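The structure under discussion appears below in the form of C-alpha cells.
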Amino acid sequence: MAGQVYSVNTLGGYTSQPYLSDRLRHVAQPYFVLRQFADVKEAIGKNRGDTFLFDKASNVGTQGGTLVETSTIPQTNFTVNQGSATITEFGNSIPYTGKLMDLSQFQLDPVIEQKLRDDMVKVIESAAGAQFVATQYVAVMTATNGVAVTTNGTATATATSNLSGTNTRAIVNYMKKKLIPRYDGRNYICVGSVSAISGMFEDTGTGGWANASQYTGEFAKNIFNGEVGTYYTTKFIEETGYLNSAIGASSLYGQAVFFGADCVYEAVAIPEEIRTKVSVDYGRDMGMAWYALLGFKTVWNLSTDGEQHIVFVTSA
C-alpha cells in the first residue's frame with residue numbers, strides 16, 4: 001500500500017524513536033563519569049565527513065614587559081596548530097522473536113533497553129577514557145610521599161602506593177607550574193579508580209579533605225557524577241568502568257587522571273540512540289539496538305603544542 005507505515009523506518013518508523021532515544025540518554029547520563037568531562041565542541045551533524053578538525057592557539061612567542069617612553073611597543077605572534085578527531089560508529093543489538101514477545105509474561109522492551117543502555121555506557125565510557133589517558137604527563141606513586149613524573153607518555157617506575165594527600169599536592173603543584181588551567185576556574189579534577197580514591201580516605205593525615213556528603217553552599221549545588229570529595233583545590237571523582245584498580249606492586253594500586261580545562265573533545269554526528277529493527281518474516285524476527293556516530297580526542301599534545309592538560313597516574 002502507498003502512504004506512511006510504522007514497519008518501514010523511512011516511512012514513519014523513525015518517528016517513534018525520539019522518545020526512546022531521549023529517554024536512553026537521560027537515564028544513562030548518571031552512569032557516565034569520564035565522558036562528562038569531555039567538551040562537545042561542535043555537534044557536527046550528518047553529511048560532513050568523518051573527521052572533526054579543531055584549532056589550538058599557542059601562547060604568544062615573546063612575552064611583553066615594561067616600556068621606555070620613547071620606544072615602540074614590541075610585536076609578537078602566536079602559532080595555531082590543528083587537531084582532529086575521527087567520527088566512529090558504535091553500536092550493539094539484541095534480536096528476539098515475535099513468539100517470545102507474544103508469550104513472555106514480562107514486557108521485553110524495558111529489559112532489552114536497560115541491557116543495551118548498560119552496554120552503551122561501557123563502550124562510550126571506554127572510548128572517552130582512552131583519550132583521557134593518552135597524555136605525555138605520566139605520574140607513578142613510588143611511595144605515599146613520592147611521585148615520579150615522566151613527560152614521554154611512558155611510566156618508568158612501579159607503583160607502590162595509592163593516592164595520598166602528599167602525592168596529590170605534588171601532582172597539583174606540578175600542574176600549577178605547567179600553567180594548566182583549572183577545570184572550572186577554581187578546581188582541578190581527579191577521576192580515579194576505586195583503589196586510587198580509597199588511598200585518600202585511608203590517608204588519615206589528609207587535613208582539609210571534605211566528603212561530598214558534607215558539602216554546603218555552592219559546593220552542594222555543583223556535584224559531578226561520582227564525586228566523593230575535594231582536597232587541595234581538586235575535586236575527586238570515583239570511576240568503576242575504565243580505570244584499572246589492580247596495578248603496580250602485587251596489583252594493589254589504582255589508576256587515576258588529573259586534569260584541568262580543555263582536555264578532551266567529543267565530536268558528535270549522531271548522539272547515542274535506540275533503534276528498533278524493521279521486523280521481517282511477517283513480524284517473527286525482531287530486535288532493538290543502540291547506535292551512535294561520534295568520536296573523542298585529547299586536545300593538547302606536548303610534542304606538537306608544547307603543552308598538555310592531563311596527568312595520568314599509573315604504573316610500569
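Coordinate-derived values only; no laboratory data. Given the structure is predicted, the values throughout are model-derived calculations rather than measurements. Ideal geometry is used to build each Cβ from the backbone, glycine not excepted, and the neighbour counts take in all protein chains shown.
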Rounded, prolate or oblate (a/c below 1.5 giving rounded, otherwise prolate when a/b exceeds b/c) for the stretch 163-225 by Cα gyration tensor: oblate
Among (1) 20.5, 65; (2) 23.9, 91; (3) 20.9, 77, the entry that matches Rg and Dmax of the Cα atoms in Å as calculated here: (2)
Of 278, 190, 233, farthest towards positive along the dipole that unit charges on Lys, Arg, Asp, Glu beta carbons give the chain: 233
For the stretch 180-316: rounded, prolate or oblate by the Cα gyration tensor [a/c cutoff 1.5]: prolate
Gain in span if fully extended, residue 170 to residue 316, counting 0.36 nm per residue against the direct Cα distance: 50.6 nm
Under Karplus coefficients 6.51, -1.76 and 1.60, residue-wise ³J(HN,Hα) of the stretch 256-272 in Hz, glycine/proline x: 7, 10, 9, 7, x, 6, 6, 10, 9, 9, 10, 9, 10, 9, 9, x, 4
Residue with peak Gaussian network fluctuation, the chain [Cα springs, cutoff 10 Å], from 174, 96, 183: 96
Förster radius 51 Å - calculated FRET efficiency between residue 71 and residue 123, Cβ distance, rounded to 0.05: 0.30
Gyration tensor verdict on the stretch 73-158 (Cα atoms; rounded if a/c is under 1.5, prolate if a/b is larger than b/c, oblate otherwise): oblate
Listed residues 83, 254, 185, most fluctuating in the chain (Gaussian network, C-alpha, under 10 Å): 185
Charge dipole magnitude, Cβ of K and R +1, D and E -1 - the stretch 54-125, Cα centre, debye nearest 20: 100
Separation of the residue 249 and residue 148 label points, Cα + 7 Å toward Cβ, nm: 1.2
